[in-house]
Each structure stands twice: as structure tokens, then as C-alpha cells.
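Asker: Take this structure first; my questions come after.
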């Protein structure tokens, strides 16, 4: 139970600080928003592959879901590129407001 709460807390902190960290990286370095998004996707991919290997997701299981994984990867990469570019163009407040508040409106 405690492990689950810790993991949820880490996920919430990671998700909640993405825009702020991106703003700081853009302001203090020459990093482009797309480079930041690409680096984030590579790190996430390595962590997910390591996790899948650790729990025993074999090649058969992976091959069966590969098309879905590739489609989701493309969608996540597109979101990262759009989000980090928006942070650079409009600032974190506007970007976060639109990212958080637009989902319920699109679903409704």
C-alpha cells in the first residue's frame, strides 16, 4: 500500500512540475522545446522498456501489442512537441490552463 502511494506521489510531482522545469530549461539554456520533449520521450522509453523487461513482458506479448504501442508513442511525441512549444510561446500559465481545462470540454 505504501509503495503505491509513493509511486502515485512521484507521478503527481513529475506531472505537476513539467511546465515549470521546461520554462527554467528554456530560460537558462539554449535548449529548444522540441529537444526537451525528445529527451523526455527517450528517457521515458528507456524506463518503460526496463520496467517491461523486469516484469517479464516477453517478445510474444510485445509483438501482439506493438501496433498499439507505436500509435500511442506517436501521439505522446506529438503532445510533447506541442506542449513544450506552447510553453515557450505563451508561458506556463496559459499552457497549463488550456491543457488541463480543454480535456473535459472536448469530451463533453
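Asker: Kindly express, to the nearest 10 degrees and within the range 0 to 90, the angle between helix 59-90's C-alpha long axis and the longest C-alpha principal axis of the chain.
Answerer: Once rounded, one gets 10 degrees.
Asker: Compute the angle between helix 18-28 and the longest alpha-carbon principal axis of the chain, please, reported from 0 to 90 degrees and rounded to the nearest 10.
Answerer: It is inclined by approximately 60 degrees.
Asker: Shifting gears a bit: Between residue 47 and residue 75, 0.36 nm times their residue separation minus their Cα-Cα distance comes to what?
Answerer: Values: separation 28, 0.36 × 28 = 10.08 nm, distance 1.82 nm.
Gain in length upon complete extension: 8.3 nm.
Asker: To continue, here is another question. For the Cα atoms of the chain, what angle does the longest principal axis make with the long axis of helix 33-55, in degrees from 0 to 90, nearest 10?
Answerer: 20
Values quoted throughout were computed directly from the atomic coordinates according to the rules given, and no laboratory measurement underlies them. Keep in mind that this is a model prediction, so the values were computed, not measured.
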